[in-house]
Amino acid sequence: MPEIYYLQWDDEDNVDARDRFHEYHLETPKTLSYTEFDQLYDPVAEVEADDLNEIYREWNRGSGYETEKFLSQQVRSMSVGDIVERDHDHYMCASIGWDEVDIIEGGYR
């Protein structure tokens, strides 16, 4: 089952996540370390849909396709920098579409 992770850009104490949010509008990173992933992202939900674009529609307020799970959690809409993990692969929501990102061993940049 795919799982959604939100970049913590809306946490005013997480300055690095806010900086990354702006960077990711311009370019998606090819890799993130496990440390970065753990410090920058929060798990949000497991979802039924497998199609990334369907997941995006279901987790965006005002799309007309919101799931009950999304509405009941009262979380923000999916945005640039958020990640969906599907079958052990990670996909970052980009300004247009999705980009695969490898989560690797290593330190924080």
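Throughout, read-outs are computed from the coordinates displayed, never taken from laboratory work. Note that the structure is predicted; figures quoted are calculated from it, not measured. We place every Cβ from the backbone using ideal geometry, glycine too, and count neighbours over all the protein chains shown.
A few comments on the model shown:
- Mean-square fluctuations from a GNM of the chain, with a 10 angstrom spring cutoff on Cα atoms, peak among Ile55, Ile83, Ile96 at Ile96.
- Charge sum, other residues only, whose C-beta stays under 15 Å from Gly64's C-beta, Lys/Arg counted +1 and Asp/Glu -1: -2
- Exposure proxy for Glu85, Glu100, Glu105: other Cβ atoms within 10 Å of each Cβ, ordered fewest to most, give Glu105, Glu100, Glu85.
- Remark: the chain projects, on average over all directions, an area of 6.6 nm² (convex hull of Cα atoms).
- Within a Gaussian network of the chain (alpha carbon springs, distance under 10 Å), most fluctuating of Asp13, Asp99, Asp82: Asp13
- Using only side-chain charges placed at the Cβ, +1 for Lys and Arg and -1 for Asp and Glu, the dipole size of the chain relative to its Cα centre rounds to 340 debye.
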